[in-house]
Amino acid sequence: MKDYKRILVTAALPYANGPVHIGHLAGCYIPADIYVRYQRAQKQDVKFVGGSDEHGVPITIRAMKEGVSPQQIVDKYHAIIKDSFEKMGISFDIYSRTTSPVHHKTAADFFKKLYDDGLFEEKETEQYYDEKAKTFLADRYITGTCPVCGNPNAYGDQCEKCGSSLSPEQLINPRSTLSDAVPVKKMTKHWYFPLQHYEPWLKQWVLEDHKEWKNNVYGQCKSWLDNGLQSRAMTRDSNWGVKVPLPDADGKVLYVWFDAPIGYISATKELTDQWADYWCKEDTKLVHFIGKDNIVFHCIIFPAMLKAHGGFVLPDNVPANEFLNIEGEKVSTSRNWAVWVHEYLKDFPGCEDVLRYVLCANAPETKDNDFTWKDFQDRNNSELVAIFGNFVNRSLVLMHKLCGGKVPPFHNAIIDADDKQLMEDIGAAKIKITQSIEEYRFREALFEIIDLSRKGNQYLQKKEPWKKASAENEQQQIDNCIHLSLQLTANLAILINPFLPATAQKILHLLKVVEKMLDWKNAGSFKLLSVGYTLRAPELLFRKIEDSEIAAQVEKLRTNAITGSNTQNAEKKSADGNADQQPANLLKPEIVYDDFAKLDLKTGKILSAQKVEKADKLLKLEIDLGFEKRTIVSGIALHFKPEEIVGKQVVVVANLAPRKMRGIESNGMILMAEDKNGRLHFVNTEEAIAPGAGVS
């Protein structure tokens, strides 16, 4: 194992053409932050750099859709992304942006060095051109019919419906997204980086020198190298990006995947005057945290660029994660199938660590994983609340109840097997957690922490100090039990800090200790809290998450996806001139009559309506069905005031299984219609019908 003097950690630069979602967090930002916080606790010289990728086709497409400049787009989303990271505790030393002057100069100088060294190939090739817009078209600016699945809105590089990789030549009836014109081929000149010249070196460096890399990373690199590398264009025809620093390159910018990774270097330059120590000295450990879609760029293209330039360190590891799906489906920003971080922060204030916990415990480290709101609730309630938080709370409650609110002494003379076992468990856990973090197995490390708190609960349950409280001669046994439980609580603060930093701070507050206690070297110690020291009254570390909150999030996810599909199709219909055509993909899967016949739909009348406490979206309705009165909880409070809807006729799904929402049993569901603006309307007939009538 090489001895490094400093560590440089990077996390992939997100495109500033939209907010970040939880898949981004799970893919690289939370793993990177865990690793960095751990290294800081180890007192390592570590820098954590990141920033927004503000060039490239997605930016210009978004600007075109919103009718604003690319600069306005990146300014807007850079601020949203940066704020989301800060609130989620992603502790960058600097979060920069690729539109900064420092970055433009750094990227241009890097390109010029390779050009002056004669390392580029100049080529003239035919590329698609929009004669109306008078501009060359990147693949994403071209749409047409997918030759694989028939999707009429496939892009020139990929069909988002079937997932097929495409080229513009394969599209049927290709059109320019800029003007709707049919693109034509036109000659243009670009500069190509000959990756094949670095293939022998890459095979040695990746396949022989880095066999310890994760299987998904190593395997993808091997596949690319086995298939042979080709020259790749490092410039594009565009007016948005880093200008190619050559006299005959008007209207040309650096390819975003040449420009973006250099952003790590320029961000480090902005951070410190000693940037070269972190990029140019061999005793620096460089680690890239990314998602699997960026493996090739970080493990083949960027290292080859660094090697060609000379004078830079190469990545020691690239621990890429797989993808995180949501409720069984792939994340799709185009149809709004995503859990956006900035929205989560509004919906669950103070629960940043809960999301960090769930995304780490369920991280897609070796394969694609699935995020569900039910699992989110279960992990919070069953693990954070019932195990970790419960142990910390019990320890403090028992200390105040049985030991006068002070850390009791530890009596070595009466130490027993259970005491010794707990002490051994703490020491063993530190070793396992340390090794797991060092080897980028963060799920495994987090499991060990929760398991240690589980052992603490079992220790308390076995000792039952509350039963000994009446026996004066057993006070020493009570002291030992509470003393070790409090020392374990302090250890848990240290161990959980890289994963749940806000939770660690809460524990420090309860224990009335300074942040220095969180130094990793202190883990495993049984002298973290002084005997006789008064601690604060216990406070719950986590709150229980209710069924109604989860139901609201599932409803929001599906509603947003429908709204996203509506918007997307409206845009396409407008472009195609088909305003009256109903988009087929808004229909749910086909059913047969027997499926519909299972529903028992009845007319009803709202007798009363009132807001549900602590639930902005819920109304408690009393509904007359003719044959009985029902209580139904409905998520319509943002659309209607309670007094407005009393007396309204509604259609009720009367045979829906009851379920509790915010502690209220809801017996049925009312049907609503949603207009194009997302406004809800009651489903009823023109004439009033007596409650209880069947609907068919």
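Taking L202 as the residue in question, decide whether it is outside any strand (DSSP E or B), open to solvent by 30 Å² or more (accessible area, probe 1.4 Å), among the hydrophobic types (A, V, I, L, M, F, W, C) and out of contact with any Lys or Arg (no Cβ under 6 Å at 6 or more places or on another chain). Criteria not met by L202.
Evaluate the following for P408: is it over 24 Å from F442 (Cα atoms) and either assigned to a loop (DSSP other than H, G, I, E, B) or charged (D, E, K, R) (or both)? Considered against the rule, which asks whether it is over 24 Å from F442 (Cα atoms) and either assigned to a loop (DSSP other than H, G, I, E, B) or charged (D, E, K, R) (or both), P408 comes out as yes. Looking only at residues in segment 310-327 that are among the acidic types (D, E) and under 21 Å from the mean Cα position of the chain (by Cα), the one that is most open to solvent (accessible area, probe 1.4 Å) is E327.
Residues that are in contact (Cβ under 8 Å) with a residue 24 or more places away in the chain, within 25 Å of H309 (Cα to Cα) and within 33 Å of the chain's Cα centre (by Cα) do occur in segment 194-204.
Here K467 meets the list (1) open to solvent by 20 Å² or more (accessible area, probe 1.4 Å); (2) touching a strand residue (DSSP E or B) at 6+ places or on another chain (Cβ under 8 Å) almost entirely, failing just condition (2). One residue stands out among those in segment 241-264 that are within 24 Å of V49 (Cα to Cα) and part of a loop (DSSP other than H, G, I, E, B): the one that is most open to solvent (accessible area, probe 1.4 Å), which is Y255.
Between L359, L286, the distinction of being modelled with pLDDT of 95 or more, part of a strand (DSSP E or B) and either over 27 Å from E439 (Cα atoms) or among the aliphatic types (A, V, I, L, M) (or both) belongs to L286 only. All told, H210 meets the bar of being more than 30 Å from L137 (Cα to Cα), at pLDDT 95 or above and surrounded by 16 or more Cβ atoms within 10 Å (Cβ to Cβ).
In this structure, L619 qualifies as open to solvent by less than 10 Å² (accessible area, probe 1.4 Å), touching a residue at least 12 places away in the same chain (Cβ under 8 Å), within 38 Å of the chain's Cα centre (by Cα) and farther than 14 Å from V683 by Cβ. Candidates I80, I73, I61: the one that is at pLDDT 95 or above, hydrophobic (A, V, I, L, M, F, W, C) and surrounded by fewer than 23 Cβ atoms within 10 Å (Cβ to Cβ) is I80. So, of the residues in segment 395-405 that are in contact (Cβ under 8 Å) with a residue 60 or more places away in the chain and not in a helix (DSSP H, G or I), which turns out to be surrounded by the fewest Cβ atoms within 10 Å (Cβ to Cβ)? Result: G405. A search for C-beta distances below 6 Å between a residue of segment 241-270 that is hydroxyl-bearing (S, T, Y) and any residue that is open to solvent by 10 Å² or more (accessible area, probe 1.4 Å) and outside any helix (DSSP H, G or I), counting only pairs 6+ apart in sequence or on different chains, returns Y255/R236.
Annotation note: of K374, K330, K307, K346, the sole residue that is open to solvent by 30 Å² or more (accessible area, probe 1.4 Å), free of Cβ contacts under 8 Å to residues at least 24 places away in the same chain and more than 27 Å from Y155 (Cβ to Cβ) is K346. The set of residues in segment 612-624 that are more than 14 Å from S666 (Cβ to Cβ) and at pLDDT 90 or above contains only D624.
Every condition in (1) under 22 Å from A428 (Cα atoms); (2) open to solvent by less than 10 Å² (accessible area, probe 1.4 Å) is met by L511 except one, and the failing one is (1).
Within segment 364-393, the residues that satisfy the criterion of being assigned to a loop (DSSP other than H, G, I, E, B) and closer than 25 Å to L452 by Cα are P364, E365, T366. Taking the listed residues I632, I664, I645, the one that is surrounded by 18 or more Cβ atoms within 10 Å (Cβ to Cβ) and within 26 Å of K598 (Cα to Cα) is I632, with no other qualifying.
Scanning segment 1-46 for residues that are in a loop (DSSP other than H, G, I, E, B) and under 20 Å from W257 (Cβ atoms) gives A12, L13, P14, A16, N17, G18, V20.
When segment 130-163 is examined, which residues are found to be within 25 Å of D237 (Cα to Cα), among the small types (G, A, S) and either loosely packed, with under 14 Cβ neighbours inside 10 Å or touching a residue at least 40 places away in the same chain (Cβ under 8 Å) (or both)? Across segment 130-163, the qualifying residues are A133, A138.
Can you name every residue in segment 287-311 that is within 22 Å of E121 (Cβ to Cβ) and aromatic (F, W, Y)? Matches in segment 287-311: F297, F302. Scanning segment 83-102 for residues that are in contact with a strand residue (DSSP E or B) (Cβ under 6 Å, 6 or more places away or on another chain), open to solvent by 20 Å² or more (accessible area, probe 1.4 Å) and outside any loop (DSSP other than H, G, I, E, B) yields I94, Y95, R97.
Among all residues of segment 435-456, there is at least one that is in a loop (DSSP other than H, G, I, E, B), surrounded by fewer than 22 Cβ atoms within 10 Å (Cβ to Cβ) and acidic (D, E). Among the residues here, H190 does not qualify as part of a loop (DSSP other than H, G, I, E, B) and not aromatic (F, W, Y).
Restricting Y278, Y218 to residues that are of a type in the set (S, T, Y) and open to solvent by less than 40 Å² (accessible area, probe 1.4 Å) narrows the list to Y278.
Can you tell which of V392, V385, V358 is in contact (Cβ under 8 Å) with a residue 12 or more places away in the chain and in contact with a strand residue (DSSP E or B) (Cβ under 9 Å, 6 or more places away or on another chain)? Of the residues listed, the single one that is in contact (Cβ under 8 Å) with a residue 12 or more places away in the chain and in contact with a strand residue (DSSP E or B) (Cβ under 9 Å, 6 or more places away or on another chain) is V358. Output the residues belonging to segment 155-185 that are closer than 19 Å to F136 by Cα and assigned to a loop (DSSP other than H, G, I, E, B). The answer is G156, D157, L166, S167, L171, T177, L178, S179, D180, A181, V182, P183. Considering only residues that are assigned to a helix (DSSP H, G or I), of a type in the set (S, T, N, Q) and open to solvent by 60 Å² or more (accessible area, probe 1.4 Å), look in segment 470-505 and name the one that is farthest from F526 (Cα to Cα). Ranking the qualifying residues of segment 470-505, first place goes to N473. Going by the structure shown, is V74 more than 21 Å from A138 (Cα to Cα), in contact (Cβ under 8 Å) with a residue 12 or more places away in the chain and under 29 Å from the mean Cα position of the chain (by Cα)? No; evaluated as a whole, the condition is false for this residue.
Considering every residue within segment 551-559, establish whether at least one is at pLDDT below 95, open to solvent by 80 Å² or more (accessible area, probe 1.4 Å) and under 32 Å from the mean Cα position of the chain (by Cα). Scanning segment 551-559 turns up at least one residue that is at pLDDT below 95, open to solvent by 80 Å² or more (accessible area, probe 1.4 Å) and under 32 Å from the mean Cα position of the chain (by Cα).
The values are calculated or read from the model by the stated rules, or taken from the named source; none is laboratory data. All values derive from a computational prediction rather than experimental measurement. So basically every Cβ, Gly included, is an ideal-geometry build from the backbone, and we count neighbours across all protein chains shown. Accessible surface is based on the protein model in full, side chains and every heavy atom, while ligands, DNA and RNA are left aside. Shrake-Rupley method; radii C 1.70, N 1.55, O 1.52, S 1.80 Å.
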